[in-house]
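Heads up: the structure comes next, in structure tokens.
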Amino acid sequence: MSVKPGDVLPQSLSFENFTANVMGRELIKFSEFSLDYEKEVAFKLGKGGEPVSWSVKSYKRSAKMKVQLGELKYMFQAAIAMGGDLLKLPPFPVTASAESEDGTFKLTIPAVTITKVPLSFKESDDTSEVELDLAVTSYPIITFT
């Protein structure tokens with residue numbers, strides 16, 4: 001059975017094989033990823049305030065990626081040429097896939113750029129993770145095979 005747009009994904013679906021590339025290096029301690037799509041619609045109002053037509057005002061796409069502190073070290077090293085500032089790194093690709101008995105769900109974002117790096121750690125944390133906010137600078141590609 002192949003999954004098509006609009007089909008309900010099976011509950012047993014689990015994400016694995018997350019990868020991200022930053023300046024040609026694959027991150028391996030990469031635990032979470034999310035992608036948000038949004039569009040703002042504007043209505044043209046007629047007599048009596050009833051909408052008579054609509055148009056798309058803007059599209060917004062954003063993402064978040066959670067990496068362990070060890071991976072962040074490599075990202076800072078990649079940013080040395082930019083003064084060590086992660087916000088100045090050039091756009092990089094992010095891919096994720098999910099395997100199930102019905103096939104593979106694959107998400108590819110050819111280019112994202114870091115917009116926010118919140119560094120907040122607690123004493124006694126076993127793994128220090130950082131959730132990076134990303135701007136999606138290219139159209140995401142979603143496939144089911």
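Which of the GluC sites (Glu not before Pro) found in the range 62-145 are loop residues per DSSP with 11 or fewer other Cβ atoms within 10 Å of their Cβ?
Values: sites: Glu71, Glu99, Glu101, Glu123, Glu129, Glu131; in loops: Glu101, Glu123.
Of the GluC sites (Glu not before Pro), the ones in loops of the range 62-145 whose Cβ has at most 11 other Cβ atoms within 10 Å are Glu101, Glu123.
What lysines could a cross-link reach from Lys64, if we take a straight Cα to Cα line under 21 Å and drop same-chain neighbours fewer than 8 places away?
Lys29, Lys39, Lys73, Lys88, Lys106, Lys116, Lys122
According to a simple spin-label model (label point 7 Å from Cα along Cα-to-Cβ), what is the distance in nm between Asp85 and Lys4?
4.9
Would you calculate the separation in nanometres between label points at Glu123 and Trp54, each defined as 7 Å from the Cα along the Cα-to-beta-carbon direction?
If labels sit at Glu123 and Trp54, their model points lie 5.4 nm apart.
Assuming R0 = 22 Å, what is the FRET efficiency of Gln68 and Ile142, from their Cβ-Cβ distance, to the nearest 0.05? Provide the component values of the computation, followed by the final result.
Details: r = 26 Å, r/R0 = 1.20.
It comes to 0.25.
Using DSSP to call loops (not H, G, I, E or B), can you name the trypsin sites (Lys or Arg not before Pro) in the range 59-145 whose Cβ has at most 11 other Cβ atoms within 10 angstrom? Kindly include the intermediate steps, with their values, before the conclusion.
Details: sites: Lys60, Arg61, Lys64, Lys66, Lys73, Lys88, Lys106, Lys116, Lys122; in loops: Lys122.
Answer by residue number: Lys122.
Would you mind computing the Rg to Rh ratio of the range 41-115 from its alpha-carbon coordinates, Kirkwood style for Rh?
1.24
What's the magnitude of the charge dipole for the range 29-113 around its Cα centre, counting Lys and Arg as +1 and Asp and Glu as -1 at the beta-carbon? Answer in Debye, nearest 20.
Around 420 debye, computed over the range 29-113.
Using the basic label-point model (7 angstrom from Cα toward the beta carbon), what is the Glu40 to Asp133 distance in nanometres?
Going from the Glu40 label point to the Asp133 one covers 1.6 nm.
Each reported figure results from applying straightforward, stated rules to the coordinates on display, with no laboratory input. If you're wondering where the values come from, they're calculated on a predicted model, not measured in any experiment. Neighbour counts are summed over all protein chains in view; Cβ atoms, including those assigned to glycine, are modelled from backbone coordinates with ideal geometry.
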